[in-house]
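One structure is given below, encoded as structure tokens.
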Amino acid sequence: MSPRWLVKKAARQGLALGSWASGSMRARRVLSRGPRVRVVTYHRIGHEPQEPFCVTPDAFDGHVRYLAERELAVSLDDVIAFVAGRAELPDGACLVTIDDGCVSTLTEALPILARHRVPAVAFVTASLVGLKVDALPEPYLGWDELRELAASELVEIGSHAYTHRSLGLMGAEDARHEAFESKAVLERELGREVRSFAYPFGTRSDFDARTERALADAGYTVAFNSMHGAVRRGMDPISLPRIKVEGGEAQWMFRLLAQGAMDPWRVVDQNLWRLQRVRQEIVG
């Protein structure tokens with residue numbers, strides 16, 4: 001195993017176990033004002049050793065089964081209504097999301113979701129539909145495959161921008177084009193409303209007030225970044241956090257993650273962004 005892989009896994013597991021053992025996870029639950037919901041993020045389902053963006057089918061099945069058996073799986077409709085204060089959800093409820101629109105979303109994830117009757121959102125980059133790129137071991141879903149996925153009624157299709165570039169690092173007009181064009185293309189090809197958006201990368205440097213305004217103007221109801229943390233009532237629906245699920249981790253890690261053990265990773269998200277900004281200023 002590579003040193004980088006081992007360090008990353010040790011850091012994630014150390015934080016999760018520390019949150020549980022120290023009692024901080026329980027303390028946050030007691031002190032929280034109302035229930036907390038989490039949005040968990042996947043990318044590919046398959047067998048790619050030491051690839052954090054790929055979770056095995058067995059692991060994904062275990063995660064989905066855990067949510068289903070405890071009645072913690074919720075839909076995008078549920079999250080939208082919860083944030084707006086129109087619905088009650090159990091503390092610890094989770095929305096499953098899958099980024100990029102790779103083929104395994106249909107071939108591996110959908111059968112597992114269907115078996116446990118768990119809803120999900122698949123975020124698709126419109127300009128990449130049907131393509132095969134050398135950097136990925138599997139192709140992106142084609143339009144017919146996306147229509148099949150949407151027709152399942154379990155998986156809603158959302159936008160992952162038009163070209164999978166950082167909206168926060170481009171000009172205002174380009175960011176608006178990413179927001180508007182991706183929504184228009186997906187809706188035209190799928191014949192369905194696209195209500196949700198997930199930022200490519202989603203770090204603190206990938207979104208700002210300009211990009212959030214562009215998404216709102218484009219007509220999205222809800223948008224997600226990749227800043228760790230829980231979703232609560234009254235949050236800005238165009239700036240909601242998600243929590244990344246990585247490959248190569250045990251089932252207990254997902255259970256702790258779903259209960260809030262990785263919420264403090266938001267501090268890492270914030271500090272890494274500041275370090276990147278300082279480095280950019282020095283180089284510039």
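Structure notes:
- Restricting attention to segment 40-97 and to residues that are assigned to a loop (DSSP other than H, G, I, E, B) and hydrophobic (A, V, I, L, M, F, W, C), the residue that is nearest to residue 240 (Cα to Cα) turns out to be 84.
- Of the listed requirements (1) out of contact with any strand residue (DSSP E or B) (no Cβ under 6 Å at 6 or more places or on another chain); (2) crowded, with 21+ Cβ neighbours inside 10 Å, residue 90 misses just one: (2).
- Only one entry in 194, 283, 268 is within 27 Å of residue 163 (Cβ to Cβ), among the aliphatic types (A, V, I, L, M) and at pLDDT below 95, namely 283.
- Close pairs from segment 37-66: first hydrophobic (A, V, I, L, M, F, W, C) and modelled with pLDDT under 95, partner part of a helix (DSSP H, G or I) and surrounded by fewer than 17 Cβ atoms within 10 Å (Cβ to Cβ), Cβ under 7 Å, at least 6 apart: none
- Residues that are free of Cβ contacts under 8 Å to residues at least 60 places away in the same chain and within 20 Å of the chain's Cα centre (by Cα) within segment 137-151 comprise 139, 140, 141, 146, 149, 150, listed in sequence order.
- Within the span defined as segment 203-219, one or more residues are β-branched (Val, Ile, Thr), under 18 Å from the mean Cα position of the chain (by Cα) and farther than 30 Å from residue 58 by Cα.
- Matching residues, segment 233-245, being closer than 23 Å to residue 168 by Cβ and in a loop (DSSP other than H, G, I, E, B): 235, 236, 237, 238, 239, 241, 242
- Leading residue by the ranking (farthest from the chain's Cα centre (by Cα)) among those in segment 154-195 that are among the small types (Gly, Ala, Ser) and not in a loop (DSSP other than H, G, I, E, B): 172
- Set 146, 215, 110: member being under 22 Å from residue 83 (Cβ atoms), assigned to a helix (DSSP H, G or I) and either of a type in the set (A, V, I, L, M, F, W, C) or in contact with a Phe, Trp or Tyr (Cβ under 6 Å, 6 or more places away or on another chain) (or both): 215
The values are calculated or read from the model by the stated rules, or taken from the named source; none is laboratory data. From a predicted model like this one, the values you see are computed outputs, not experimental measurements. Note that each Cβ is placed from the backbone with ideal geometry, even for glycine, and that neighbours are counted across all protein chains shown.
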